[in-house]
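Inspection log for the structure reproduced underneath, given as structure tokens.
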Amino acid sequence: MFSPKKCLDAPNDYEFPFTPYEIQKKLMEAVYDTLTQKSIGIFESPTGTGKSLTLTCSVLKWIEDRENLERKDLAERISNLDLEVKRIGSTVDVVEDWITASYEATEKKKQLATHRRFQKLLQLHHDRLKEMYEHQIEFQKERRNNNSKKMVLETDLNPEDELTDSVDWDEKSGNFDRQDQDIDDDEDKYRPIQVFFCSRTHSQLAQVVREVKRTPYGRRIRCVSLASRQQLCINPQVKKLPNVSLINEKCLDMAPKNKEGKENIGTKCCKYRKVNLMQNLSETALFNIMDIEELVTEGESMNACPYYAAREAAKSAQLIMLTYQMLLHRQTRLQAGIDLRGAIVIIDEAHNLLDTIAHLHSCELTLQQLLLVQQQLTAYKMRYLKRFSAVSLLKINQLIFIVKRLVKMLQTETPVSAGKMSSISRVLRTYELTAEAEFYNMDLFALLQFCEKSRLAQKLQGFSEKPDFSKASDEHLESSATKQLLKQIETSQKNNLKNKTEFEKVDDVNNQKSFNTVTPISAPFRALLTFIQSLTEKAKDGRVVLRVDGTSVVGNSTLKYILLNPGAHFADVIQDARSIIVAGGTMQPTRELTEQLFSACPNRVREHFYDHVVSSDAVLPLIVAQGPTGRRLCFNYTERSTKDMLSECGMIIQNVCNVIPAGVVCFFPSYEYLDLIYNYLQKCGILERIATKKRVFSETRAAEAAGSSVEKLLNDYSAAIKAQSGGGALLFSVVGGKLSEGLNFADDLGRCVIVVGMPYPNRQSVELQERMRYLDETLGSGNGNEYYENLCLKAVNQCIGRSVRHINDYACVLLLDERYCRADIQAKLPQWITRSLQIPKTFGAVQAAIAKFFKNIKSKKLETV
């Protein structure tokens, strides 16, 4: 790619839609410089400081400046080379060393030809964009003038036209659904620098899209939002399927040409993939900034597929919005046609980036799933035995053998304790598992390739849905114990479905929307393939946790692969991208991030930390080390359930509610402890006394699972605060729950945030122990404990960040535990908290500080008025 010789100087105006604060100016300058230097930037800017908008404005400004410089510098180089060639050509006959002069002339001509070719590609790119823009304008005019007539004409196309158009579109857009699809070479077209903006959820991305629209860039930037078929599909036959794997297979099966190269005709071909309509939707999405919901609405109104239209539009977009999964998971990137070469990658809300990468590449396989796969594969093999080639039959037999060996490992008898079957866990390296299961000599790569090319997962799924499948499968099962267990699984699942309430059904639908969700009944074979894929990873990068459960009749035994080295799956992003911006409200401590992700390129990493936009007197952070009775507060696992700690906690909450106006949000380490506190406060009458001042709301595990219930809880909490006569509300929540991350408790919704104890994760967890052991082995002794402590403090910092959301906001933060007094703990708290952190000696001093804080705030507001 052509690279200008000149460097970009930081501009004076980033076209920020508001008058920027000083820290916003500094952040934009630092981002601009990071992109210019092709560096990796780690940015911490507290929540509520306009971080996302600041990032986008600085990056979009850099993109526009770079494109202008590129055109100007290219024209200058061509002009200078042209003059050089003419000069050398005019003197070659008179110079003494004519051979050197001729060689120099030849080299200059080559450079000139290269630059002119690049200039031609650049011009073709701009001409194509101009043509697409003008076509989109004409289409919108026709649509407004004669919308109903146009839609009738286009939906009445005959099947032959539909097939032809769809095939043309598929060839034009390229089939990136194949993982081995080669990405276009740089030689045949101009590739602009693209910005991939990545965040945790689609709702967060939609918020960024809305902010971009408010800027001057919103009128001229080409921005496209990408998502999976599950979010974008508008075909009723496809989107009703229960998980993303089935949706993907069904969509591919309904393509004009499926993976086997056969043409689909009639009703089997998706009617939303007509080339003319999809082209119109693609251009509309490219030149009109839309979030996911707006894109789907537009696709429904035009009868065109939003998924493929967005993918086509993304090829010409400057800013591409996508979630973590689509960016950080290589297989998903390839399937979506995402090319990161020379691109700028922005990862927002990146405080849990390491854990996110590890989670995306970890997987779990249950005994239930294995038994169902064994049943399906065996019946499928016997049903089509005479049709298989020798190679296909060998591969299927290998799969059946692997499944049987894994089943045998999970059905191993467990030790008996006090007359009851107990559970055991073992940790294995991948090669230890394959050796113990006796398939270490099989080529797992070849096996996975066979399953992909033959589309065995899709065929097996269709076969298992046939009415006579159960009867046919029972005839070929070898083990009576397996038959019995399968019957128990089937009976258990039928009873569960029968007893489900409507709330639980909604709950399941929401859970199925998570990335890579696999349910035992609908897609067990895909879970097996994902697990086999994990066994092909480097042995040192992960572990397999084998749990044999002897406590359940049906069996909850599992094989779980856990990724220990996130850097192994982020290396290609670092290698391909021009520059990477990692940003969040609570990025510190950053040492584990740099050591695990950027250890291969430490010289490229630049760290930037910014203070909050609010003044120090707008936040009152207090460490409460003693309760009202003078007892020290230590909510560790041993002491937190004692009557003394429960009583002290209840009295503190009651006293705080007496002096703090509006909303109070109280975070507890776990749902179990929240329930324990709640029941204790209810029993001793404290909850009733609090209710005379504030309405009490509590997050539950069921509400955590159901997004709609969380929304209702927040609406009720907000309504109680707005009702001034009620005096406000108290909300009990859990650290790490839906209310602790990404939600906004601005203004009266969060005048006080209380964090009870320190939410350390369960140290007895096998997965956590393996991660800590791995860090000690690879990064040095003590890094495991450092990781353990960081997990706790990052969760605390996320809770604290819910309080102050804008420059005119104010709140107090109470940290209830004497362990917060330690200097090493305070060093990991946000800078805007530690700058004014106080440690009162008594609880009376805590109450006095709170009362004085709100009195001063009230006085300032009166002075302003």
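The values are calculated or read from the model by the stated rules, or taken from the named source; none is laboratory data. Keep in mind the model is a prediction, meaning the values are calculated, not measured. Cβ placement follows ideal geometry from the backbone for every residue including glycine, while neighbour counts extend to all protein chains displayed.
A few notes on this one:
- Among the residues of region 15-38, the one identified as assigned to a helix (DSSP H, G or I) and aromatic (F, W, Y) is Y32.
- Unmet criterion (only one of (1) closer than 30 Å to K855 by Cβ; (2) within 30 Å of the chain's Cα centre (by Cα); (3) surrounded by fewer than 19 Cβ atoms within 10 Å (Cβ to Cβ); (4) not basic (K, R)) for A691: (2)
- For region 670-684, the count of residues that are more than 24 Å from Y760 (Cβ to Cβ) and touching a residue at least 24 places away in the same chain (Cβ under 8 Å) is at least one.
- When region 687-701 is filtered for residues that are in contact (Cβ under 8 Å) with a residue 12 or more places away in the chain and either over 24 Å from A811 (Cα atoms) or not assigned by TED's automatic domain parsing to the domain that holds N715 (or both), the ones remaining, listed by number, are T700, R701.
- Qualifying residue in region 61-68 (condition: outside the structural domain of T834 (by TED's automatic domain parsing), at pLDDT 90 or above, within 21 Å of G801 (Cβ to Cβ) and under 25 Å from the mean Cα position of the chain (by Cα)): no
- Condition check for L322: touching a Leu at 6+ places or on another chain (Cβ under 9 Å) and more than 30 Å from F463 (Cβ to Cβ): yes
- Residue count for region 601-648, restricted to those that are on the phi > 0 side of the Ramachandran plot and either touching a Pro at 6+ places or on another chain (Cβ under 9 Å) or at pLDDT 95 or above (or both): 0.
Okay, residues lined up against (1) farther than 25 Å from N785 by Cβ; (2) free of Cβ contacts under 8 Å to residues at least 60 places away in the same chain:
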site: M587; (1), (2): no, no
site: E648; (1), (2): yes, yes
site: Q654; (1), (2): yes, yes
site: V665; (1), (2): yes, no
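- Of note, S79 satisfies the criterion of being in a helix (DSSP H, G or I) and either modelled with pLDDT of 85 or more or at positive phi (or both).
- So R330, is it in contact with an Asp or Glu (Cβ under 8 Å, 6 or more places away or on another chain) and either buried (at least 23 other Cβ atoms within 10 Å of the Cβ) or at negative phi (or both): yes
- Test: residue in region 781-796 that is within 25 Å of Q847 (Cβ to Cβ) and crowded, with 22+ Cβ neighbours inside 10 Å: yes
- Filter result (surrounded by fewer than 18 Cβ atoms within 10 Å (Cβ to Cβ) and part of a helix (DSSP H, G or I)) within region 631-653: K643, D644, M651
- Boolean, R689 is modelled with pLDDT of 90 or more, in contact with a helix residue (DSSP H, G or I) (Cβ under 7 Å, 6 or more places away or on another chain) and in a helix (DSSP H, G or I): yes
- Exactly one residue among T594, T536, T530, T586 is among the polar types (S, T, N, Q) and at pLDDT below 85, and that residue is T586.
- Residues in region 601-630 that are in a loop (DSSP other than H, G, I, E, B), surrounded by fewer than 16 Cβ atoms within 10 Å (Cβ to Cβ) and hydroxyl-bearing (S, T, Y): S615, T629.
- Exactly one residue among S148, S203 is modelled with pLDDT under 90, of a type in the set (S, T, Y), in a helix (DSSP H, G or I) and under 30 Å from V582 (Cα atoms), and that residue is S203.
- Scan region 299-321 for residues that are more than 21 Å from I247 (Cα to Cα) and of a type outside the set (K, R) and the total you get is 10.
- Matching helices (runs of 4 or more DSSP H) fully within region 290-397 where at least 2 residues are of a type in the set (F, W, Y) and without any contact (Cβ under 8 Å) to a residue 24 or more places away in the chain: none
- Applying the set (1) small (G, A, S); (2) closer than 26 Å to K560 by Cβ; (3) touching a His at 6+ places or on another chain (Cβ under 9 Å) to A350 leaves exactly one unmet item: (3).
- Of all residues in region 268-279, none satisfies being in contact (Cβ under 8 Å) with a residue 12 or more places away in the chain and closer than 23 Å to Q204 by Cβ.
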